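Beneath this line is the structure, given in structure tokens, with notes to follow.
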Amino acid sequence: MNDRSHHPALRLRHTVKACLTALVATAASVASVAVLAAPADKPNILMILADDLGYSDIGAFGSEIRTPNLDALIASGRILTNFHVAPSCSPTRAMLLSGADHHQSGLGTMAETLQIYQIGQPGYEGYLNERSFSIASLLRDGGYHTYMVGKWHLGLTPGQSPQARGFESSFVLLQGGAAHFGPTPGKITSADLASYRENGKIVALPPNFYSSRGYTDKLIDYIDRNRGDGKPFFAYAAYTAPHWPLQAPDDRIDNYRGRYDAGYDAIRDERIARQKQLGLLPPDFRPAALLPSSPVNPRWDQLSPEQKKTEARKMEVYAAMVESLDANIGRLIDHLKAIGAYESTFIFFASDNGPSGEKVDMFYPDGPNNDNRYENLGRRRSNIALGTRWAEVSATPFRLFKGYPSEGGISVPAIVRMPHQSNGQAKASQLATVLDLAPTFLQLAGLQRPGDRYRGEAVNPMTGTSLVPLLTGKTQRHLADGTMLGEEFAGNRYVRDDRWKLLSVHLKRGPQPVAEPPDWKLYDMSEDRGETTDVAAEHPDIVARLKQGWLDYARRVGVVLAPGASE
């Protein structure tokens, strides 16, 4: 669950394994893609992905954090209130680009959490494997410029890089996380030990680098380089905010001073009330229960004044990061408007998973060059994370957070704007997933889905459903009747249809693989997205049907469970 690919030992293990695999693997294929009878003018496609952003962290989703640019995008687009991703980052990214389940596309688990019994198993290569499509390759073959900036996290070697997977121009962080500022000369911290590659070459960060601003600058530059040739572009902006370590630019870091002094429960209650006012939640919605109090996760009223001060500061910095992310998305959109490209651009915004409750010091150990004095928190060389309790607030009104297949870990804020759309549309509450994005992009581009063979080789077919019919009003449904969705991460799992969700979560194991038999609980998602009431005993027939659905899913995608674990 935790982003540790920068850790030297883990990087070495993953790099050696990836290099050996690359010697015998075939490079991603590039071939022509058949064109449908689609609009003659292909739209630009802009995919914006935030990192560890919670469901309620945007103003239009109930947040007190100021996000005017994303809110304005909604005013000419629409909210997707029921959009789902994987519980962790690289699995989601693999599904976004490939259109296939992450267990098939190489990230059955994150490379950093790969277990001995998973090494060498199909779908557990630790990078976007060669049996998977890359939407960038398909769009590039179909006449698009393809650009990427931000977090890659899908392979470390040149043969696993964005350049090898269809991106014409790219500036990326290879690992799962890093400091948001450029390193301070002579004071390198563990969070600075990350690799960046531009167009296939390892590069150093400039001294004035800040992630959200730097990635935006690069993407604008890439778009401008080919602006006059008439070709559309696919741009993938994979921002690293607000992933830990929490760090915010000086011009925003104090914008929320005092805003979080009331503590976890008060802010969560505010967000729930706002979500009801916005119509995101019905008046009688039952929010998820919070984790019980413990020495590791005390309540706000159990903290000392000094602890409260530090906890409030963490959330102030986090809010500043989200505000900065929004401002840079605004810069990007404003630039598209200035060059006349905005109207013809399809825009999709989402987070890669729920908010992070991880402990940053477990993966970026503090050293002599860190400066975690209160007055430096959130600035260069500080090393802090959001923590469990604020992550629960970020995931409001859902249960748990990143790493778990409960709603707080997999339900994320999503916003979409169709080309030439000027008026906001009603919220879309239909169940949709990240697997639907690659098929959506292909249909928008007038390109045919490639099937299960490509250049004579068997490939993982795309399994999602294009959102275009739903977004254009041609249907009010999205998934076909009887469709089941499944997920597994570190042994925690779910399977669901449009109404019922069968969920097994082992809370005490966190990112470690679960070997115990699944503890299945059944929730009626039509009235209990907070996952508050297990109704399994009342519906044994539904439990049996969904259990079979889980078995079918696990065998189809090749889930590899811990020795002794039960399906």
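Do the conditions hold for TYR494, that is, is it of a type in the set (Ser, Thr, Tyr) and more than 23 Å from THR388 (Cβ to Cβ)? No: the conditions fail for TYR494.
Does TYR364 count as modelled with pLDDT under 95 and touching a Pro at 6+ places or on another chain (Cβ under 9 Å)? Explain how you work it out, then say what you get.
On the way: modelled with pLDDT under 95: yes; touching a Pro at 6+ places or on another chain (Cβ under 9 Å): yes.
Answer is yes for this residue.
Screening GLU531 against (1) part of a loop (DSSP other than H, G, I, E, B); (2) charged (D, E, K, R); (3) surrounded by fewer than 14 Cβ atoms within 10 Å (Cβ to Cβ) leaves a single unmet condition, (3).
Residues that are open to solvent by 30 Å² or more (accessible area, probe 1.4 Å) and either among the hydrophobic types (A, V, I, L, M, F, W, C) or at pLDDT 95 or above (or both) within segment 202-225 comprise ILE202, VAL203, ALA204, LEU205, ARG213, ASP217, LYS218, ASP221, ASP224, ARG225, listed in sequence order. A count restricted to segment 243-268 and to residues that are assigned to a loop (DSSP other than H, G, I, E, B), open to solvent by less than 10 Å² (accessible area, probe 1.4 Å) and out of contact with any strand residue (DSSP E or B) (no Cβ under 7 Å at 6 or more places or on another chain) stands at 9.
Taken over segment 297-334, the criterion of being of a type outside the set (Lys, Arg) and open to solvent by 40 Å² or more (accessible area, probe 1.4 Å) is satisfied by ASP301, GLN302, SER304, PRO305, GLU306, GLN307, THR310, ASP334.
Check whether at least one residue in segment 166-180 is under 15 Å from ALA237 (Cα atoms) and surrounded by fewer than 17 Cβ atoms within 10 Å (Cβ to Cβ), and report yes or no. Scanning segment 166-180, I find no residue that is under 15 Å from ALA237 (Cα atoms) and surrounded by fewer than 17 Cβ atoms within 10 Å (Cβ to Cβ), so the answer is no.
State yes or no: is LEU303 among the hydrophobic types (A, V, I, L, M, F, W, C), under 25 Å from ASP71 (Cβ atoms) and modelled with pLDDT of 95 or more? Lay out the reasoning, then the answer.
Details: among the hydrophobic types (A, V, I, L, M, F, W, C): yes; under 25 Å from ASP71 (Cβ atoms): no; modelled with pLDDT of 95 or more: yes.
Against the criterion (among the hydrophobic types (A, V, I, L, M, F, W, C), under 25 Å from ASP71 (Cβ atoms) and modelled with pLDDT of 95 or more), LEU303 does not qualify.
Checking the structure you have, find out if any residue of segment 525-533 is under 30 Å from ILE116 (Cβ atoms), modelled with pLDDT of 95 or more and out of contact with any Phe, Trp or Tyr (no Cβ under 6 Å at 6 or more places or on another chain). Don't jump to the end; show me each part of the working.
Residues of segment 525-533 under 30 Å from ILE116 (Cβ atoms): none.
Looking through segment 525-533, none of the residues is under 30 Å from ILE116 (Cβ atoms), modelled with pLDDT of 95 or more and out of contact with any Phe, Trp or Tyr (no Cβ under 6 Å at 6 or more places or on another chain).
State yes or no: is ASP141 charged (D, E, K, R) and either open to solvent by 50 Å² or more (accessible area, probe 1.4 Å) or over 30 Å from ALA445 (Cβ atoms) (or both)? Please lay out each step first, then the result.
Numbers: charged (D, E, K, R): yes; either open to solvent by 50 Å² or more (accessible area, probe 1.4 Å) or over 30 Å from ALA445 (Cβ atoms) (or both): no.
For ASP141, the condition - charged (D, E, K, R) and either open to solvent by 50 Å² or more (accessible area, probe 1.4 Å) or over 30 Å from ALA445 (Cβ atoms) (or both) - is not met.
Inside segment 269-293, can you point out the residues that are in a loop (DSSP other than H, G, I, E, B) and of a type outside the set (Gly, Ala, Ser)? Residues satisfying the conditions are LEU278, LEU280, LEU281, PRO282, PRO283, ASP284, PHE285, ARG286, PRO287, LEU290, LEU291, PRO292. Which one is nearest to GLN275 (Cα to Cα), of the residues in segment 52-99 that are of a type in the set (Asp, Glu) and open to solvent by 10 Å² or more (accessible area, probe 1.4 Å)? So, considering only residues that are of a type in the set (Asp, Glu) and open to solvent by 10 Å² or more (accessible area, probe 1.4 Å), the one nearest to GLN275 (Cα to Cα) is GLU64.
From the set of residues in segment 360-382 that are among the aliphatic types (A, V, I, L, M) and within 22 Å of GLU306 (Cα to Cα), which is surrounded by the most Cβ atoms within 10 Å (Cβ to Cβ)? Walk me through how you get there before you give the answer.
Of segment 360-382, the ones among the aliphatic types (A, V, I, L, M) are 360, 362, 377.
Narrowing further to those that are within 22 Å of GLU306 (Cα to Cα): 360, 377.
Values: VAL360: 24, LEU377: 21.
Per the criteria, the residue is VAL360.
Only one of the numbered conditions (1) open to solvent by less than 50 Å² (accessible area, probe 1.4 Å); (2) under 23 Å from PHE363 (Cα atoms); (3) of a type outside the set (D, E, K, R); (4) touching a residue at least 40 places away in the same chain (Cβ under 8 Å) is not met by LEU193, and that is (1).
The values are calculated or read from the model by the stated rules, or taken from the named source; none is laboratory data. Note that the structure is a prediction, hence the values are computed from the model and not measured. Cβ: placed from backbone, ideal geometry, glycine included. Neighbour counts: every protein chain shown. Note: areas computed on protein heavy atoms with side chains; ligands, DNA, RNA excluded. Shrake-Rupley method; radii C 1.70, N 1.55, O 1.52, S 1.80 Å.
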